[in-house]
Amino acid sequence: ARPGDRRPKAAVVGCLAGLSLAFVVLAALGVDDRTHTMATLLIGVVAILLWGATATAMPPMLQSAAMRHSPEDPDGASGLYVAAFQVGIMAGSLAGGQLYQRAGIAVMIAASAVLIMGALACVGLARDLFAVRAVTERKNPSIPSVANVWPAANWHEREAFDMIGIDFPGPPNLTRNL
């Protein structure tokens, strides 16, 4: 049900690569002053559809990653993410408007492509960006449950509880599997 949750880094990298490709194509179409044919129209429509699909997919994936990093306070992590996202929209609108007014649409879209490629490079180079680590005692291992953020974790937490003895306080159903 949540394909972005299975491999969050790959999903985010894929979306950023799609956004980069869409912006590069749109910038190239914006610079090209030749007569527009049906092919350029179709290429532009496909690029806009790719842009829309990837831009729509990114926020939920990033929000779920933020919530995974803070399983003890997913609401706080979600709120912080939403506030940062809104500030990013405002700053992007301001910068994009200034670029559009002074340099034109092609330069504005090219700048967007460069920013997205920079984000793609940062995500690609970052190690453990989407990893969740937990530290616990060896004698009485106990890790807060993440089943409220990642429902599929419920079964795996029950299995670890049953087979290894790790306690997961706070899940909806910590019972033995076997």
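Against the conditions (1) out of contact with any Asp or Glu (no Cβ under 9 Å at 6 or more places or on another chain); (2) in a loop (DSSP other than H, G, I, E, B); (3) at pLDDT 80 or above, Ala121 satisfies every one except (2). Please work out which residue is nearest to the chain's Cα centre (by Cα), limiting yourself to the stretch 70-101 and to residues that are buried (at least 17 other Cβ atoms within 10 Å of the Cβ) and in contact (Cβ under 8 Å) with a residue 12 or more places away in the chain. Out of the qualifying residues, it is Tyr81. Selection of the stretch 151-164 for residues being of a type in the set (Gly, Ala, Ser) and surrounded by 14 or more Cβ atoms within 10 Å (Cβ to Cβ) yields Ala153, Ala160.
Scanning the stretch 124-139 for residues that are surrounded by 14 or more Cβ atoms within 10 Å (Cβ to Cβ), at pLDDT 80 or above and of a type outside the set (Phe, Trp, Tyr) turns up nothing. Take the conditions surrounded by fewer than 15 Cβ atoms within 10 Å (Cβ to Cβ) and either in a loop (DSSP other than H, G, I, E, B) or on the phi > 0 side of the Ramachandran plot (or both) and apply them to Asn148. Does it pass? Spelling it out, it is not the case that Asn148 is surrounded by fewer than 15 Cβ atoms within 10 Å (Cβ to Cβ) and either in a loop (DSSP other than H, G, I, E, B) or on the phi > 0 side of the Ramachandran plot (or both). The numbered conditions (1) surrounded by 15 or more Cβ atoms within 10 Å (Cβ to Cβ); (2) out of contact with any helix residue (DSSP H, G or I) (no Cβ under 6 Å at 6 or more places or on another chain) are all true for Gly104 except (1). Restricting Ile116, Ile109 to residues that are under 23 Å from Leu26 (Cα atoms), under 14 Å from the mean Cα position of the chain (by Cα) and touching a residue at least 24 places away in the same chain (Cβ under 8 Å) narrows the list to Ile116.
Among residues of the stretch 162-178 that are modelled with pLDDT of 80 or more, those with a beta-carbon under 8 Å from a residue that is exposed (fewer than 10 other Cβ atoms within 10 Å of the Cβ) and hydrophobic (A, V, I, L, M, F, W, C) at least six positions away or on a different chain give the pairs Asp162/Leu178; Met163/Leu178.
Scanning the stretch 1-54 for residues that are closer than 24 Å to Met67 by Cα and open to solvent by 100 Å² or more (accessible area, probe 1.4 Å), we see that the one that is modelled with the lowest pLDDT is Ala1.
The values are calculated or read from the model by the stated rules, or taken from the named source; none is laboratory data. In this text the structure is predicted, and so the values were computed from the model without any measurement. With ideal geometry, Cβ positions are generated from the backbone for all residues, glycine too; neighbour counts draw on all protein chains shown. With ligands, DNA and RNA removed, areas are computed over all heavy atoms of the protein, side chains included. Shrake-Rupley method; radii C 1.70, N 1.55, O 1.52, S 1.80 Å.
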